[in-house]
Amino acid sequence: MKINMKRKYKISLGSLIFGLFMVEHVISTRASPTDSTYTPQIEFLLTLVILVSIFIASLVFGMLIYIVFRFREGNKTVRKKIQNEMRLEIGWVIFATVIVLSLFVASLPATTSYFSEREDYDEEILVIAYQYNFTFVRENGSRSVDIVHIEVNKIYMFNITSIDVIHSFYAHELSIKLDMVPGRYNIIYLQVPIPGTYEVHCAEYCGFGHYSMEAKIVVK
């Protein structure tokens, strides 16, 4: 029996329209102001991963829908058992490898920017985590609990650690997330061009009071 090409094109077109709709939705919802040093790279990487996922999902579900209709019960389509198709297997492996390597290469700028050391920072701020608070220690010795004030466009080096269990310094709006490990100091640089108040949460379960462990970064 001949393949119903019209039906095949309709299914493919439907998958394409769905994919384009999801692309437009992702781009419109992820568009946001540049809130920190890392936001452009992180936003680009997340958007790229989502778009690739949408493409693969549209491809897979498009093929699935086509197969369901093409080989449904009662259809006299000739069915062929596929086995030992080395070219097909190699093709899928190459396709998956190209996707993974492309995402790896695309992530390099964000990774490099995230962990590169800088010498041009304006001030170092020590951040000490403990159940269930964050303490910020400035270079002049002043301390504040669960709140820190910084200036617009100045570069700050946050030197973060923990004195009890593992915590995580997570500020979603600033695109930063770094573990706070007892006895270890992790460094992240932050430059915020937009004034505002940004929330910081502990993103690593640290005990019964984990839900209440939060702080604020006030940018003026």
| query | When residues of the stretch 188-209 are filtered for being buried (at least 16 other Cβ atoms within 10 Å of the Cβ) and touching a Phe, Trp or Tyr at 6+ places or on another chain (Cβ under 9 Å), how many remain? | reply | 11
| Identity of the residue in the stretch 153-186, surrounded by 15 or more Cβ atoms within 10 Å (Cβ to Cβ) and touching a Cys at 6+ places or on another chain (Cβ under 9 Å), that ends up nearest to GLU199 (Cα to Cα) | TYR170
| Can you find even one residue in the stretch 150-172 that is in a helix (DSSP H, G or I) and either over 14 Å from ILE187 (Cα atoms) or not assigned by TED's automatic domain parsing to the domain that holds CYS202 (or both)? | yes
| field | Output for the stretch 172-195, where each listed residue is without any contact (Cβ under 8 Å) to a residue 60 or more places away in the chain and among the small types (Gly, Ala, Ser) | value | GLY183
| query | Out of all the residues in the stretch 137-147, is one or more in contact with a Lys or Arg (Cβ under 8 Å, 6 or more places away or on another chain), in contact (Cβ under 8 Å) with a residue 40 or more places away in the chain and under 23 Å from TYR189 (Cα atoms)? | reply | yes
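Can you spot a residue in the stretch 97-116 that is farther than 30 Å from LEU51 by Cβ and free of Cβ contacts under 8 Å to residues at least 24 places away in the same chain?
Within the stretch 97-116 (the criterion being farther than 30 Å from LEU51 by Cβ and free of Cβ contacts under 8 Å to residues at least 24 places away in the same chain), the answer is no, since none of the residues qualifies.
Please count how many residues of the stretch 116-147 are among the small types (Gly, Ala, Ser), outside any strand (DSSP E or B) and in contact with a His (Cβ under 8 Å, 6 or more places away or on another chain).
0
Taking the stretch 177-211 on its own, how many of its residues are more than 17 Å from HIS149 (Cβ to Cβ) and not in a loop (DSSP other than H, G, I, E, B)?
Residues of the stretch 177-211 more than 17 Å from HIS149 (Cβ to Cβ): 177-189, 201-211.
If we keep only those that are not in a loop (DSSP other than H, G, I, E, B) as well, we get 177-180, 182, 186-189, 201-202, 210-211.
Adding up the residues that qualify gives 13.
The values are calculated or read from the model by the stated rules, or taken from the named source; none is laboratory data. Just so it is clear, the model here is predicted, and its values are computed rather than measured. A quick note on method: Cβ atoms are made from the backbone with ideal geometry, for glycine too, and the neighbour counts reach across all protein chains shown.
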